[in-house]
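The values are calculated or read from the model by the stated rules, or taken from the named source; none is laboratory data. Being a predicted model, the structure only gives us computed values, none of them experimental. Ideal geometry is used to build each Cβ from the backbone, glycine not excepted, and the neighbour counts take in all protein chains shown. These area figures cover heavy atoms from the full protein model, side chains too; ligands, DNA and RNA do not enter into them. Shrake-Rupley method; radii C 1.70, N 1.55, O 1.52, S 1.80 Å.
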Amino acid sequence: SGQGAQRPPHHVAREAGIARGYANEVGEAFRSLVPAAVVWLSYAVSSSYVLADAIDKGKKARDVPGPEAGRSSRVTVAVVDTFVWQALASVAIPGFTINRVCAASLYILSSATRWPLAVRKWTTTALGLLAIPVIIHPIDRSVDFLLDSSLRKLYPSVEKPSSS
């Protein structure tokens with residue numbers, strides 16, 4: 001870090017780390033190797049991240065200086081927008097995508113190879129893990145577009161969060 005570099009602002013999502021944010025994708029990648037309860041636990045971890053980030057954004061919106069009259073609306077918009085965006089972009093869509101990538105790869109490997117089941121399952125897990133960084137940005141941008149085209153049109157004009 002150079003002279004004058006500033007520390008980025010406190011951000012719950014950044015500080016929560018990769019483990020919480022991507023837990024369900026990792027759980028889905030390992031689905032063929034672990035008990036279902038482990039996969040469901042990974043969703044609980046990711047969902048707690050979504051909730052924590054929504055609460056954090058609500059607190060930050062509450063603390064922004066401004067007229068008391070708009071505070072409740074500002075907080076509501078921050079919490080709802082963050083919760084919906086994170087639920088879609090961090091949990092539902094990536095979890096479904098990795099689940100389908102793994103299911104398809106296991107099916108194809110079962111049909112196209114004579115590899116032992118354990119090798120097919122580990123290969124499927126590796127493919128699922130490798131797919132995670134590939135799907136993140138397209139999903140994020142798609143959720144931005146979806147919310148910009150729907151939910152965010154309902155917000156009071158002053159309260160619209162940026163799609164970043």
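List of remarks:
- Net charge dipole, the range 38-161: roughly 300 debye, given to the nearest 20, about the Cα centre with Cβ charges of +1 for Lys and Arg and -1 for Asp and Glu.
- Accessible area expressed per residue, the range 53-96, with surrounding protein chains retained (probe 1.4 Å, Å²): 50
- Near residue 106: Cβ cut-off under 14 Å, other residues only, Lys/Arg at +1 and Asp/Glu at -1. The net charge is +3.
- Straightening the chain between residue 135 and residue 96 buys 12.9 nm, computed as 0.36 nm per residue apart minus the Cα-Cα spacing.
- With K and R counted +1 and D and E -1, the other residues having a Cβ less than 14 Å from that of residue 32 yield a net charge of +3.
- Sorted largest first, extent of the range 88-164 alpha carbons per principal axis (Å): 60, 17, 14
- Across the range 64-90, the residues whose backbone nitrogen lies under 14 Å from the label position 7 Å along the beta-carbon direction of residue 51 are 83, 87.
- Of the three principal axes defined by the Cα atoms of the range 37-133, the extents in descending order read 68, 20, 17 Å.
- Carbon and sulfur %, accessible surface of the range 72-119 computed with the full protein complex present, 1.4 Å: 74
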